[in-house]
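Written out below as structure tokens is the structure these notes cover.
The values are calculated or read from the model by the stated rules, or taken from the named source; none is laboratory data. Please read these numbers as outputs of a predicted model, since none were measured by experiment. Every residue, glycine as well, gets a Cβ built from its backbone with ideal geometry; the counts of neighbours run over all protein chains shown. Heads up: the accessible areas ignore ligands, DNA and RNA and are worked out on the full protein's heavy atoms, side chains in. Shrake-Rupley method; radii C 1.70, N 1.55, O 1.52, S 1.80 Å.
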Amino acid sequence: MMLDKKFGTAGNKVVVEEFLEGPEVSVLSFTDGKTVVPMITSCDHKRAFDNDEGLNTGGMGTFAPAQFYGEKTAKEVMEKIMLPTIAAMNAEGRPFKGVLYFGLMKTKNGMKVIEYNSRFGDPETQVVLPMLETDLMDVFEAVTDERLSEIEVKWKKGACVCVVLASGGYPLDYEKGKEITIGELDGDIVLCHAGTKMKDGKLVTAGGRVMGVCARGETLEDARQKVYKNVEKISFEGMFYRKDIGIKYRNEKRE
Ligand code: GLY
């Protein structure tokens, strides 16, 4: 890596970090620079195939909420990670308002940060926003006006699952321009287009991750069944998707 300069000059310096093991959770959060309001938690599936096999992708599906993330964990994350992060940015003269993405891992030594992003997550947002009860615009206005502590951000009960439909070969080489056929979907299914376009009046594939099919249910299992029932009504040549979204971590203790 370093001798052959595989990453150019970016590979000249290496940071050695603690190796972390445990379930991963994404906690997207609203912040106005003073208050942090975590959104409902979600779990991404980065590997291409079931049982977390295959290559790393941009995300093959998500579910929300992460059942293992209970009140004790939420309190630990707020006190040890979220509020200190906001305070540190303020102390550095870089106050942040917007959506802060905490990529976290539950290790045997407590909750640890894997990554931060100053944006919504993909495909986490596809399962988080359908669960939002409060009007998103009201939240955005509270963020910009620094009134986040004054509003209550409410979430719907139940769960949401998103399954990503990908082009054959993704994340390596794949073909584009395959016609997508979509049957009669349940009325409340949310289809998030990612790699699609219209060509000669037809919807065709235009990317590796083509679309996310999202369904809400009273329980995670209800949402899972509903999403897969609807996924079966969509097809294009080479289409593949993971069949195990929403199963991960189901035996993990809630704390
Ligand atoms: N799902 C990971 C990300 O949005 O970075």
Residue 100 vs. criteria farther than 23 Å from residue 216 by Cβ, of a type in the set (A, V, I, L, M) and either within 16 Å of the ligand (Cβ to nearest atom) or part of a helix (DSSP H, G or I) (or both) = yes
Could you grab me the full set of residues in segment 192-223 that are buried (at least 20 other Cβ atoms within 10 Å of the Cβ), in a strand (DSSP E or B) and touching a residue at least 40 places away in the same chain (Cβ under 8 Å)?
-> 209, 210, 211, 212, 213, 214, 215, 216
Note on residue 166: of the conditions (1) closer than 23 Å to residue 23 by Cα; (2) buried (at least 20 other Cβ atoms within 10 Å of the Cβ), unmet is (1)
Taking the condition in contact (Cβ under 8 Å) with a residue 12 or more places away in the chain, surrounded by 13 or more Cβ atoms within 10 Å (Cβ to Cβ) and under 21 Å from residue 20 (Cα atoms), does residue 131 pass?
-> no
Determine if segment 115-123 includes at least one residue that is in contact with a strand residue (DSSP E or B) (Cβ under 6 Å, 6 or more places away or on another chain), away from the ligand (no atom under 16 Å from the Cβ), under 25 Å from residue 53 (Cβ atoms) and in a loop (DSSP other than H, G, I, E, B).
-> no
Tell me, please, whether a residue that is touching a His at 6+ places or on another chain (Cβ under 8 Å) and modelled with pLDDT of 95 or more can be found in segment 170-183.
-> no
Applying the selection to segment 205-227, what residues are farther than 22 Å from residue 23 by Cβ and in contact with a Phe, Trp or Tyr (Cβ under 9 Å, 6 or more places away or on another chain)?
-> 205, 207, 208, 209, 210, 213, 215
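Given the criteria open to solvent by 10 Å² or more (accessible area, probe 1.4 Å), within 16 Å of the ligand (Cβ to nearest atom), charged (D, E, K, R) and touching a Ser or Thr at 6+ places or on another chain (Cβ under 6 Å), does residue 44 qualify? Show your work before the answer.
Values: open to solvent by 10 Å² or more (accessible area, probe 1.4 Å): yes; within 16 Å of the ligand (Cβ to nearest atom): yes; charged (D, E, K, R): yes; touching a Ser or Thr at 6+ places or on another chain (Cβ under 6 Å): yes.
Yes: the conditions hold for residue 44.
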